[in-house]
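The values are calculated or read from the model by the stated rules, or taken from the named source; none is laboratory data. Remember, predicted model here, so these are calculated numbers, not experimental data. Cβ sites come from the backbone with ideal geometry, for glycine too, and all protein chains shown count toward neighbours. Protein only, heavy atoms only, side chains kept; ligands, DNA and RNA dropped before computing areas. Shrake-Rupley method; radii C 1.70, N 1.55, O 1.52, S 1.80 Å.
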Amino acid sequence: MYCEYAHSMGFSVRKEHLSYWIHTRIIKCRAFCCAKAGLKRVRPSPKKYRKLETRTGCLACIYFTTDTEGRNWTVTKFVEEHNHPLAMENEQHLLRSARSISKMQGSLIKNLTDAGVKTVHAYNFLSNEVGGFDNVGFSKSNAYNFVQREKKALIERGDSLSLLKILQEKQLEDNMFSYDVRTDELSRLTSFFWMDGQSKIDYDCYGDVVIFDTTYRLNKYNLACAPFIAVNNHWQNVFVGGAFISEESIDSFCWVFNTFLKFVGGKLPTTIFTDQDQAMAVAIERVFIGTRHRLCQWHISKKAPSKVPCFNNEKTVRGLFYQCMSKCDSELEFDRYWNEMISRGNLQENRWLGDLHRARRNWSTAFNKDVLDLGILSTQRSESANNGLHGCSKATSTLVECFMGLEKLVGSWRRGEQDEDFRCKQGAVSLKVRSCAMLKHVSKFYTSKMFVRFEQAFMEGAAGVCVADETRHDENNYLYVTKLCDGSDDKRWFVSYNSKTNETACSCRGFETRGILCKHILRIYNLKNLREIPPVYLLKRFCRDAKKGIYLSNTPGIIECNSNLIFRNHLMRFAYDLANRVENNKDAKAHVLGRLHVLANEADEIVEAVEMRRRGLSNENDKNTPLVRDPVKKNPKGISNARLKGYWETGSKKPSKTINLLKIVITLIN
């Protein structure tokens, strides 16, 4: 009441004296005064920025007293006069006590900033909605302070403990959620790993090829973000686990890999791609026994011009190097091109190439034709996750902010996967050759993205590959020699074919590595007029229903109600249909109503039991949560948290003409 009066008059209100009745918390006396009441002590401040002095010793105030029950309030003192000018009508929205952020406004600001909208833009949006800044109800600085308070609330108990609380809450919501943390001898957090239920399902479907990278370190503790990325049936990134580690040592990587295997039941990936980190390579050899370790070719090709100077001006030598990286079909072919490159560039003494040759089985495709790698050559899929994380974290970000940022990125990936699933279910791919029976058959199996890749190989085989020779070994087995029709390459590919079983194999080993039949085999199938691809060559990981039978319910009438809105709509439709069916039968209506009351009571008991269990587990987790301290704060290499200097601060000052003349004279005298 007093605030409304004060704002209409043009002054701000501040809380003053407060007292209680003895041995109670019932207010006895409550006083409010003008915000300019009293005087502040004058203290010398070394700070460059000093706040304005707003106190004038104003005596305007109001005193209230209450009875012992705190119900009846009585004004016992009221001073109306002020010793300072009052705010004008168009300035009243700037009064401090008149500025407040409502619950709805706060929720809107929080949602906008969480979505990546800047605070100033969120404030401008609110002002547009209410017709100007005067009607918002708070200032721009209030909006910034609100956002900062929300961020601090996330790490109220400390960054590490707040992160553990979030992980524990996620574990309560998702029974398949798993996490683990690691601390040093001073109980400081050094590493943590997590994997939710969807990640475990995705790894079960697409975990044959995994990409692991640790190049991103943008947070206040300089912890490395280490996500495990796989590729789904839509050729999209899927998150199958993540970690933050303080140091890239053998011990840290072994802990991460062992934790990963523990959470996926010991299932090893077929191939794992990483960068050229020696500690990572040793840890993979120790933990992922039997997994093929591949190095990122992008990192190697980026280093090559600086390590081998002749690559910059000798195109032939450089071309031979790239031929060795990914265009050799056999080890003999690799050795031939490698030796030619060494002799042409006189690179016998180059130490970097010597080290690279010793590790050739980890980076050249010629030595990895027997395992699935999906045709991946680099870790850029993982680095794209780092790039996405870069947009939602910075050098001063906390662990909670980095974790929540990565969770948002993963959520956007999963929404993209759902969109592609919907597109595949609701539409059919348009074929380049509508009368082709094989393309029709495959289009019903593959997702749209994978079908486009298959169709490209099919068209290249039909138009660009020709059969150079045919040899028949027996009644069913044939050997075909294929080549490119345009003669751009004199290479030959050998395709064996069994006419009885339609089994085939190619010397390029395209199916073994990419999971899709190569153009050479498809040329032979086209030659033999096959209408369908044998099922053995259609991998389930690329089909439209790759996850069918893993987590979708097949029970009639049961749907996956992950959203509360979807559940309410489904339940209301079901109840409406049931009411229409029994509305004309008195006994049926009585039976339905009776059963509904029983179901309601049973549902209340279940909800109450789950809530009690949740509260008990939450309290137990709070008690059992070990005291984990925050990691040591570190600045990432080459990044400072200091204020960025402007152009005129960083610009080099040109020496004056007088100084230049003096230098010339001194030089002449000497």
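Which ³J(HN,Hα) values in Hz, rounded to whole numbers, follow from the phi angles of region 111-122 under the Karplus curve 6.51 cos²θ - 1.76 cosθ + 1.60, where θ = phi - 60° and Gly and Pro get x?
Values per residue, Gly and Pro as x: 5, 5, 5, 5, 7, x, 7, 5, 4, 5, 6, 5 Hz.
Rounded, prolate or oblate, given the Cα gyration tensor of region 1-118, with a/c below 1.5 counting as rounded?
Oblate shape, in that a/c is at least 1.5 and b/c is the bigger or equal ratio.
Grab the other residues whose beta carbon is less than 12 angstrom from that of residue 431, score K and R as +1, D and E as -1, and report the net. Spell out each step's value before the answer.
Details: positive: 432, 434, 440, 444; negative: 455.
Cβ neighbours under 12 Å give a net charge of +3.
Report, by chain and number, residues whose modeled amide H sits under 5 Å from the one on residue 378, excluding near sequence neighbours (fewer than 5 apart, same chain).
297
For region 255-320 and region 96-142, what is the separation of their Cα centres, given in Å?
48
Given bins 5 angstrom wide, list per bin the percent of all Cα-Cα distances in region 414-507, short to long.
Percent of pairs per bin, in order: 3, 11, 16, 16, 16, 15, 10, 7, 5, 2, 0.
Express the carbon and sulfur contribution to the solvent-accessible surface of region 175-317 as a percent, rounded to the nearest whole number, probe 1.4 angstrom.
47
Residue separation times 0.36 nm, minus the C-alpha to C-alpha distance between residue 268 and residue 335: what's the value? Walk me through the intermediate numbers first.
On the way: separation 67, 0.36 × 67 = 24.12 nm, distance 3.09 nm.
Roughly 21.0 nm would be gained on extension.
Loop-only trypsin sites (Lys or Arg not before Pro) in region 405-461, please: DSSP not H, G, I, E or B, and at most 10 other Cβ atoms within 10 Å.
434
From the phi angles alone, apply the Karplus equation (6.51, -1.76, 1.60; θ = phi - 60°) to region 591-603 and give each ³J(HN,Hα) in whole Hz, x where the residue is Gly or Pro.
5, 5, 5, x, 5, 5, 5, 5, 4, 4, 5, 5, 5
Give the long-range amide H neighbours of residue 242: residues separated by 5 or more places, or on another chain, with amide H under 5 Å away, using H modelled in the peptide plane at 1.01 Å from N.
Those lying under 5 Å, H to H, from residue 242 are 194, 228.
Given R₀ = 22 Å, FRET efficiency for residue 188-residue 282 by Cβ-Cβ distance, to 0.05?
Working from the Cβ atoms, E equals 0.30.
Let's test the formula: R0 of 22 Å, r as the Cβ-Cβ distance of residue 55 and residue 91. What FRET efficiency results, to the nearest 0.05?
Once rounded, the FRET efficiency stands at 0.70.
Report the local net charge at residue 509: Lys and Arg +1, Asp and Glu -1, summed over other residues whose C-beta lies under 11 Å from its C-beta.
-2
Out of every Cα pair in region 164-312, what percent are spaced more than 20 Å from each other?
Tail of the P(r) past 20 Å holds 52 percent of the pairs.
Report the gain in length on full extension from residue 24 to residue 571: 0.36 nm times residue separation, minus Cα-Cα distance, nm rounded to one decimal.
192.0 nm
Under the rule of at least 5 residues apart or a separate chain, name every residue whose amide H is placed under 5 Å from the amide H of residue 190.
182, 183, 184
Got a sec to turn the phi values of region 358-363 into Karplus ³J(HN,Hα) couplings, 6.51 cos²θ - 1.76 cosθ + 1.60 with θ = phi - 60°, whole Hz, x for Gly and Pro?
5, 9, 4, 5, 8, 10
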